[in-house]
Amino acid sequence: MDNQREKLLEIKHLKKHFKIDRNSYLKAVDDISFDIYKGETFGLVGESGCGKSTAGRTILRLYEATDGTVNFYGENVHGKKSKKELKKFNRSMQMIFQDPYASLNPRMTVKDIIAEGMDIHGLVKNKQERTSRVNELLETVGLNSDHGNRYPHEFSGGQRQRIGIARALAVNPDFIVADEPISALDVSIQAQVVNLLKKLQHDHELTFLFIAHDLSMVKHISDRVGVMYLGNMAEIATSDDLYAEPLHPYTQALLSAIPISDPEVERTRERIVIEGDVPSPINPPSGCRFRTRCPFAMDVCASVIPDFQEYKQDHWVACHLYDDRYNEEYKTKGN
Ligand code: SF4
């Protein structure tokens, strides 16, 4: 990545473990490190249960980190903070939720839902300014001022997601975590919401962490993409590089599951099929966590955790196939 670009977030060795009982922990996020640059969209992808939503929430401090740091403009979000400092983080970092049905208070009018953050952070001086700012936000997300006096149940799924976006924008954030913001919507509406997010990013110089379970969903919106598996980061690359040359067997399998519209290409392309379910994050496999499903697994994969290394510029991968200390075993098997 361009060294001139400013890092907005530096996530280092972040862990979030949930206590299950006296002796066991669910290791939802287990030592992930990556940067997010100002103005970019970083797509975070993986199957359900891989830890991506927990990672997003821990970055925002909606969950306390078990270990590791999240530096936002150079300050650790998880460090000891005064109420004033926490309020500043809460304003600058916002979230758009997956389920527009559940994330809006049904007893509040749309106007009050959108204005709540502005009230908390004292961003408007009087009622008139509040109303005019709400109307402006409604227009920004493709709704109109008449919508402000209605209640969430009067809107479609796509419109409710627009209300959620207006609510996040109301406090002028720098960074937004969008947690599967389109997966609960009809396919016909998904592109509209993605286009709206892209426009807002451009107009408001926003930085996004865009979480999705499917690589095809993040392709058009992300500058870079991280692929998570069972609490670990498997691969990070620019969007173009990841789709053109996926390195990790898990990424290759995710990509080969996306249908291609050209029937000839679809019929002849090589597929990597992964068998079985994701193992439990309470008791993950030793060594590489993907080894129980990986078609290329070697003996070393059971005993040594792969380093997350920059295999080529801006393309990081955690797999022994790309580590000369270990991949002899793979080569000598005649592969
Ligand atoms: Fe597969 Fe081994 Fe690479 Fe893990 S480290 S992805 S098991 S080859």
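FYI, it's all coordinate maths here, none of it is from the lab. Note that this is a predicted model, so its numbers are computed, not measured. With ideal geometry, Cβ positions are generated from the backbone for all residues, glycine too; neighbour counts draw on all protein chains shown.
Ordered by the count of other Cβ atoms within 10 Å of each Cβ, fewest first, ILE96, ILE274, ILE59 give ILE274, ILE96, ILE59. By the count of neighbouring beta-carbon atoms within 10 Å, fewest first, HIS248, HIS320 end up ordered HIS320, HIS248.
Residues in segment 309-318 carry Karplus couplings, in order, of 10, 7, 6, 9, 3, 6, 10, 9, 8, 10 Hz; the curve used is 6.51 cos²θ - 1.76 cosθ + 1.60 with θ = phi - 60°, and Gly or Pro positions show x. When only Cα pairs below 8 angstrom with a gap of at least 6 residues are kept, segment 123-278 shows a relative contact order of 13 percent. Computed from the C-alpha gyration tensor, the three semi-axes of the ellipsoid equivalent to segment 2-332 are 37, 23, 18 Å, from longest to shortest.
Taking label positions 7 Å along the Cα-Cβ direction at both ASP21 and SER145, the computed distance is 6.0 nm, reported to one decimal. Taking each DSSP H run with n ≥ 4 as -39500 (n - 2.57) and averaging over every residue of the chain yields -9000 deg cm²/dmol at 222 nm.
What helices in the chain pass both tests, a Cα length along the helix axis of 15 Å or more and a mean Kyte hydropathy of -1.0 or higher, using whole DSSP H runs?
110-120, 157-169, 187-204
Secondary structure note: in the chain, about 60% of the DSSP beta bridges are antiparallel. The ranking of ILE11, ILE120 from fewest to most other beta carbons within 10 Å of each one's beta carbon is ILE120, ILE11. The Cα trace of segment 193-335 gives Rg and Dmax of 16.8, 54 Å, the first to one decimal, the second as a whole number. Take every Cα pair under 8 Å whose residues are at least 6 apart in sequence, average their separation, divide by the length of the chain, and the relative contact order is 19 percent.
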